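Student: For reference, the structure I am asking about is given below.
The values are calculated or read from the model by the stated rules, or taken from the named source; none is laboratory data. These numbers were taken from a predicted model, which means no experiment stands behind them. A quick note on method: Cβ atoms are made from the backbone with ideal geometry, for glycine too, and the neighbour counts reach across all protein chains shown.
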Amino acid sequence: MAARVFVSSTFFDLIDVRAEVELHLRSMHLEPIMSASPTSPMAPLEKDSIETCLTHVRQSDYVIVILSHRYGPSLKSAGFDDLSATHLEYREARNSAKPIRFYVRDRLEADYHTWRKNKKISGIKLPWVDDRDFGLFALIDEHKHLVAGGPNNWFDAFRHSIELKQLISRDFHAPSGRETIVSAVTSNSLPYLDITLDVQHNSRGLALNVVIKNIGNSPAFNLAFFKTDDPTNKGDPVPILAPGQTTGSAIITFRGTGSVRVFETELAVNYRLLGGHDVRELHRLFFEPQGVGWRSGTALTNKKFYLSSEEKLPFTIEDGPAPEMQSTEFSNIHNRPAFYDTAQRRPQSRRLADDSQLPPFTQLAVGARCPFAPRLQCPFGRWLLARLARCLLRLPGEQPRPDMVGHRL
């Protein structure tokens, strides 16, 4: 649910500003709560108009106060304190410990400083504020009062509605960021990354040929990826990865010790969204020998959104434990929602070929092209090539070479 923002101000002198602020808050995926607005969800209650407004103040997540040159009539005759409706709403927000953002017209701020220096002079005339609206100065004084450990007493001055909206964008960057991400997720307007692996072997150990494709509907900016335990082991950064675009292949080396037959590592992928928010994804990479080749796949384990490089949004996508290795190729659960098997709680994927199901030998098990493929289609040629691959890689059924023993990081 979008954050509810109650907008408190006088009406007649700020009618255009209120309309612009309402539209601006909606564009930030926030819910403006405003009286006298036909599109606001501020429903009338079985109370008088002032109590209805105060109730909505208590039910809101944030309160915006906008002051210009009118204070509003006193409500003392109606049984309230000798204050205007805006002043009462401000006090209700303070008593309810609501976060308050306080905006003052620049000409009102100038009159306020003049009044403070000359308030002992009776009958003072000011260029912007009429003497019947001097309650504005009392409201600003009340807000500016400094108490150690007390509430926020900051306020900002604005010249026009454009500047006011810029201030609101700055002050509501965090709640708007979360709602923007939620809206993008629900509307499928985020980049979704599909990672494919090609396992190769060389004299230094294993190498993972990593290719990332954006299968989402939005571009990813400044994309970079690296092994979490070795940030220097990374691919080249990509300035823009448009929808449908694929990164160039990057070789990630993989070495270690142990005796495991299923190898596993973690890949971190960082990129920026169109709205300026940063995303950090963690992917688990799986691979193991299978026949004369390799079986491999990926699984997204964590996805976090950030307002900046360090400030994390309160919005995270996390997977449970990754599925066990089957005779399938794992796909990123979030990256391929259309192929996700909810009954089995694992991605639908294809079965990889074993020794008897290998396609025509246009590739060796290590991924290199075989120039003699057309001549090796007979049963003896297939047996010879499979035997050669097993001797080179020491796949299941053979004793592991010392430098190939469990490349687990």
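Student: For residues that are part of a loop (DSSP other than H, G, I, E, B) and of a type in the set (S, T, N, Q), tally how many sit in the stretch 58-96.
Tutor: 5
Student: In the stretch 104-153, which residue that is touching a Lys or Arg at 6+ places or on another chain (Cβ under 7 Å) and not in a helix (DSSP H, G or I) is surrounded by the most Cβ atoms within 10 Å (Cβ to Cβ)?
Tutor: Per the stated criteria, the residue is TRP128.
Student: Only one of these is without any contact (Cβ under 8 Å) to a residue 60 or more places away in the chain and part of a helix (DSSP H, G or I): ILE162, ILE168. Name it.
Tutor: ILE162
Student: Of all residues in the stretch 23-55, how many are farther than 24 Å from LEU75 by Cβ and in a helix (DSSP H, G or I)?
Tutor: Residues in the stretch 23-55 being farther than 24 Å from LEU75 by Cβ and in a helix (DSSP H, G or I): 5 in total.
Student: Looking for something touching a Gly at 6+ places or on another chain (Cβ under 6 Å) and at pLDDT below 85 - is there at least one such residue anywhere in the stretch 241-249?
Tutor: No, because not a single residue in the stretch 241-249 is touching a Gly at 6+ places or on another chain (Cβ under 6 Å) and at pLDDT below 85.
Student: Looking at the stretch 163-191, which of the residues that are in contact with a strand residue (DSSP E or B) (Cβ under 7 Å, 6 or more places away or on another chain) and under 25 Å from PRO237 (Cβ atoms) is surrounded by the fewest Cβ atoms within 10 Å (Cβ to Cβ)?
Tutor: ILE181
Student: For the structure I just gave you, tell me whether VAL210 is modelled with pLDDT under 90 and within 21 Å of the chain's Cα centre (by Cα).
Tutor: No.
Student: Determine if the stretch 204-220 includes at least one residue that is in contact with a strand residue (DSSP E or B) (Cβ under 7 Å, 6 or more places away or on another chain), surrounded by fewer than 18 Cβ atoms within 10 Å (Cβ to Cβ), part of a strand (DSSP E or B) and among the small types (Gly, Ala, Ser).
Tutor: Within the stretch 204-220, one or more residues are in contact with a strand residue (DSSP E or B) (Cβ under 7 Å, 6 or more places away or on another chain), surrounded by fewer than 18 Cβ atoms within 10 Å (Cβ to Cβ), part of a strand (DSSP E or B) and among the small types (Gly, Ala, Ser).
Student: Looking only at residues in the stretch 75-103 that are modelled with pLDDT of 95 or more and of a type in the set (S, T, N, Q), which one is surrounded by the fewest Cβ atoms within 10 Å (Cβ to Cβ)?
Tutor: Looking at the filtered set, the residue picked out is ASN95.
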